[in-house]
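See below for the structure under consideration.
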Amino acid sequence: MPKKYETPLLDELEKGPFPSFVTEIKKAAAKSDMAADELGQLEKSYRDKRGYWKHGGIVGVRGYGSGVIGRYSSLPEEFPNVANFHTLRINSIAGFFYTSKFLNEMCDIWDKYGSGLTNLHGSTGDLILLGTNTENLEPVFAEFSSRGWDLGGSGSALRTPSCCVGPARCEWSNIDTLDITYSITQEWQDEMHRPAFPYKFKFKTAGCAVDCIASIARADCSIIGTWKGNIAVDQAEVANYQKKGMNIKEEIVDMCPSKCMSYDGKELKINDADCVRCMHCIAKMTKALKPTGEKGATILIGSKAPFVIGATLSWVIVPFMKMEPPYDEFKNLIRKMWEFWDEHGKNRERIGELIIRKGMREFLEFIGVEPQPQQVKEPRRDPFFFWKEADLQK
């Protein structure tokens, strides 16, 4: 297919040492009129310094209220092939383990019905298919569902749960992140496909506090693997790290957030009572240190990107919970959280924003979780204590 548009501004983004999304769009544009028009409209946006996509729009497939993001061009006469440019979210498999057979099938289907442009993966974790028209939504969904794939979440619904690779490839994982994500996905299909929440809700599961999935910054509910026992220390391996040039005091001891470690040049000591299980020392000295004892997860709530009150990190609700199938304790806790959100949440208010507005005390009382020191995110803002009669009777 001959080049349809001149793109001098976009061409600039291909210069330099790093890969460019412009190059990938051009590859798709070589065989897709839709990708070519998307390239032309994007060049015009750069030239005019404004966007030409209309805001929102309700579109979907039969029986589903989410999974398709409606997008329409505000210049349909000039760029007719992107008059509709809808995005589909495909529910990704836990840990992002795809077969080459599926990836080939996916690309063939998308070349047939869409622009050929993909994004692996979106911020929620879905496999993103960028750009198709309204008429092709049902056929492309039928193609994917016939092969066992489903749409992900979008809108004011449960978004597609995602996780790190966990025990499949990582020796640090304290929980089975893959099974937890699969169980959550199967349990709450309706909540994913039929939006009924005040706003979006995301689960992300990390096998340890290294948090490769960035759950603590991007998930309404973070499930982070942890342990209850001490950190086992192999002093011979500690000595090997020192011999190989590691400055243990500067790189390990001084970097400990709770200052629970000491090193005299011969022996590394850990005051496990003060350890916050951050994983820094274990990640840096894999052969010398390892967690022991009972494994489980810390449950956190409330992180999100900026919207009403700015970005927030999630904070601890349950310091330690056993995460074993069928995960009933965890699921019942989430249902109580959703009940609180459903009763008090405003339209387009994330659950973390609601907790900040109503107060952590009211939230904890509603979900039936006792206050604990690990839940303290910042010092008290006032010097007063308020007691209820039920508290005084205990």
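The values are calculated or read from the model by the stated rules, or taken from the named source; none is laboratory data. Quick caveat, the model's predicted, so the values are computed rather than measured. Every residue, glycine among them, receives a Cβ derived from its backbone with ideal geometry; neighbour counts consider all protein chains shown. Quick note on the areas: whole protein, heavy atoms, side chains included, nothing else; ligands and nucleic acids left out. Shrake-Rupley method; radii C 1.70, N 1.55, O 1.52, S 1.80 Å.
Observations, loosely collected:
- If you go through the stretch 252-271 and keep only what is at pLDDT below 95, within 32 Å of the chain's Cα centre (by Cα) and acidic (Asp, Glu), you end up with nothing.
- Candidates LYS31, LYS26, LYS4, filtered to the one that is in a helix (DSSP H, G or I), open to solvent by 50 Å² or more (accessible area, probe 1.4 Å) and either at pLDDT below 95 or under 18 Å from LEU117 (Cβ atoms) (or both): LYS26
- First in the stretch 240-265 and of a type in the set (S, T, N, Q), second anywhere and open to solvent by less than 60 Å² (accessible area, probe 1.4 Å) and assigned to a helix (DSSP H, G or I), Cβ under 6 Å, 6 or more apart: GLN242/ILE248
- Each residue in the stretch 355-394 was checked for being closer than 23 Å to GLY345 by Cβ and at pLDDT 85 or above, and 17 pass.
- Scope the stretch 170-182; condition open to solvent by 30 Å² or more (accessible area, probe 1.4 Å) and part of a loop (DSSP other than H, G, I, E, B); matching residues: CYS170, GLU171, TRP172, ASP176
- All positions within the stretch 77-112 that are over 19 Å from the mean Cα position of the chain (by Cα), open to solvent by less than 70 Å² (accessible area, probe 1.4 Å) and among the polar types (S, T, N, Q): ASN81, ASN84
- Top-ranked residue of the stretch 7-23 - restricted to ones that are in a loop (DSSP other than H, G, I, E, B) and of a type in the set (Ser, Thr, Tyr), ranked as nearest to TYR72 (Cα to Cα): THR7
- Pairs where the first residue, in the stretch 131-154, is farther than 29 Å from GLN41 by Cα and the second is open to solvent by less than 50 Å² (accessible area, probe 1.4 Å) and not in a helix (DSSP H, G or I), C-beta under 6 Å, 6+ apart: TRP149/ILE90; ASP150/ASN91
- Residues that are open to solvent by 10 Å² or more (accessible area, probe 1.4 Å) and of a type in the set (A, V, I, L, M, F, W, C) within the stretch 209-220 comprise ALA209, VAL210, CYS212, ILE213, ALA214, ILE216, ALA217, listed in sequence order.
- When PHE203 is tested against the conditions (1) farther than 15 Å from LEU300 by Cα; (2) surrounded by 19 or more Cβ atoms within 10 Å (Cβ to Cβ), the lone failure is (1).
- Hey, GLY155 under 30 Å from ASP342 (Cβ atoms), out of contact with any helix residue (DSSP H, G or I) (no Cβ under 8 Å at 6 or more places or on another chain), open to solvent by 20 Å² or more (accessible area, probe 1.4 Å) and not in a helix (DSSP H, G or I) or not: yes
- Long-range neighbours under 9 Å by Cβ, at least six apart or interchain, first residue over 12 Å from VAL68 (Cα atoms) and in contact (Cβ under 8 Å) with a residue 24 or more places away in the chain within the stretch 88-101, second of a type in the set (A, V, I, L, M) and open to solvent by less than 20 Å² (accessible area, probe 1.4 Å): SER92/LEU127; ALA94/ILE180; PHE96/LEU127
- Of all residues in the stretch 232-278, those satisfying the criterion of being hydrophobic (A, V, I, L, M, F, W, C) and touching a His at 6+ places or on another chain (Cβ under 9 Å) are ILE252, MET255, CYS256.
- Condition check for GLY67 on (1) closer than 30 Å to ARG169 by Cβ; (2) of a type in the set (Gly, Ala, Ser); (3) touching a helix residue (DSSP H, G or I) at 6+ places or on another chain (Cβ under 9 Å); (4) surrounded by fewer than 21 Cβ atoms within 10 Å (Cβ to Cβ): one failure, at (4).
- Among the residues of the stretch 113-128, those that are under 27 Å from ARG348 (Cα atoms), touching a strand residue (DSSP E or B) at 6+ places or on another chain (Cβ under 8 Å) and either modelled with pLDDT of 95 or more or open to solvent by 10 Å² or more (accessible area, probe 1.4 Å) (or both) comprise ASN119, LEU120, HIS121, GLY122, ILE128.
- Residues in the stretch 183-199 that are crowded, with 17+ Cβ neighbours inside 10 Å and either assigned to a loop (DSSP other than H, G, I, E, B) or aromatic (Phe, Trp, Tyr) (or both): TRP188, PRO195, PHE197, PRO198, TYR199.
Residue-by-condition table, conditions (1) β-branched (Val, Ile, Thr); (2) in contact with a Phe, Trp or Tyr (Cβ under 8 Å, 6 or more places away or on another chain); (3) closer than 15 Å to THR132 by Cα:
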residue	(1), (2), (3)
LYS15	no, no, no
PHE21	no, no, no
ALA28	no, no, yes
ALA36	no, yes, yes
SER45	no, yes, no
ILE58	yes, no, yes
GLY63	no, no, no
SER73	no, yes, yes
PRO80	no, no, yes
